[in-house]
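Here the structure comes first, spelled out in structure tokens, and everything after it is commentary.
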Amino acid sequence: MTRRILFNWAASGGLAHVLLARGQQSSGKEPKPLDTLPGAEKNRKLKVVFVGAHVDDWIFSVGTLARYVREGHTVLCFSFTPGDSQAIADSHHMSLDRLAALRREDAMRGTKLFGAQLKILNQHNQQMRVDPETYDEFNKTLAAETPDVVFGLWPLQFHPDHRAAGNFAFNAWLQSGMRFDFYFCETWPGGETTPQLFTPNRWVDVESVMDLNREAIIANTLESKALWADYEMCTKFRGRGYGCQYAEAFIRIVTVASVNSKNLAPRRWFSGGLELGHDE
């Protein structure tokens, strides 16, 4: 290696990366992530909220949520529905009420394992309403939590409940005046949930919490093997792209615009939408 090549390599961050990796190697200890969490630059304890349609949707971001808790932040997971999937009830030959109760128990146990709270709202599986009244209701619900970072479901996908939940989360971000950081999360490959046009711009290294992720996901007893297999496959794929063993991928929504005061909750939308936040 010539002196010029060595200099260019060090200047591009290659040397720093090697030194950082060596400094984080451990002898028999659990791996340490090479990155920081979204919102960590605020340098304070964060309130992190995950907005899901179903009681087990938090599994899409379980590693990132687990890291937040491990690093001293507060995590809340919302589910719009109570676990009342008729299709899953039929496949397991049980009543809808029994299935919903079991799924809620599993979800409560899973979120408790990584230290998060789970709150269930008042909609129902595949009957979610998306209208001005329910927009306003969720705007108030989320605003009451004063979140710093919010994760929502990517809306370009097959499941109508996932699309609805993603729209609720995004709308609440807009009508808050974009006060918190907002990210769409990935719903993994497989069956009905495959997302379209999901091109991440933010990744989180989740290798350090993979054992905990597995324990939390497997707490969902009715679909534990399939859920874990999909999660492991997706995090390995995203990890290869990010440069670590396992990663979760997100799309951060960023804009230099601001929301016209006429559009802030609890008001209805007014023509004009976003306004430029800088000189033209």
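Just so it is clear, none of the values below were taken in a lab; they were calculated from the coordinates. These figures come from a predicted structure and were not determined experimentally. Cβ coordinates were reconstructed from backbone atoms using ideal geometry, including for glycine residues, and neighbour counts include every protein chain displayed.
One table, with the values for the structure above:
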| item | result |
| --- | --- |
| Global form of region 36-151, assessed from the alpha-carbon gyration tensor, a/c cut-off 1.5 | oblate |
| Most mobile listed residue (L153, L99, L65) in the chain, GNM with C-alpha springs under 10 Å | L99 |
| Proximal aspartates and glutamates relative to K119, as straight alpha-carbon distance under 17 Å, when same-chain residues fewer than 8 apart are discounted | D56, D57, D84, E105, D106, E137, E145, D161 |
| Calculated from backbone phi, Karplus (6.51, -1.76, 1.60) coupling profile of region 77-85 in Hz, x at Gly/Pro | 10, 9, 10, 5, 10, x, x, 8, 8 |
| Equivalent ellipsoid, region 96-135 (semi-axes from 5 times Cα gyration tensor eigenvalues, Å) | 24, 15, 6 |
| Theoretical gain in end-to-end length, E133 to K119 [0.36 nm per residue, Cα-Cα removed] | 3.0 nm |
| Alpha-carbon gyration tensor eigenvalues x 5, square-rooted, for region 180-247, Å | 20, 16, 12 |
| Contour minus Cα-Cα distance for Q86 and E145 (0.36 nm per residue) | 18.1 nm |
| Using a Förster distance of 22 Å, the FRET efficiency for M233-K32 (Cβ separation, nearest 0.05) | 0.40 |
| Average Cα contact separation per residue, region 73-147, under 8 Å, 6 or more apart, as relative contact order % | 41 percent |
| Net lengthening on full extension, W269/A257 (0.36 nm per residue, minus Cα-Cα) | 2.7 nm |
| Highest-fluctuation residue, E215, E41, E232 considered, GNM on the chain with Cα pairs under 10 Å | E41 |
| Most mobile listed residue (N139, N122, N213) in the chain, GNM with C-alpha springs under 10 Å | N122 |
| Global geometry of region 162-280, whether rounded, prolate or oblate, following the gyration tensor of its Cα atoms and the 1.5 cut on a/c | prolate |
| Cα-based shape type of region 75-124, given that a ≥ b ≥ c are square roots of the gyration tensor eigenvalues and the cut on a/c is 1.5 | oblate |
| Near-label residues of region 207-238 by backbone N, under 15 Å of a point 7 Å along Cα→Cβ of R109 | 214-225 |
| Residue-averaged [θ]222 nm for the chain, counting only DSSP H segments that reach four residues, each worth -39500 (n - 2.57) | -12000 deg cm²/dmol |
| Three principal axis lengths of the chain [C-alpha, angstrom, descending] | 68, 54, 33 |
| Amide H within-cut-off set for F50, under 5 Å, with H built and near neighbours excluded | L76, C77, F78, F151 |
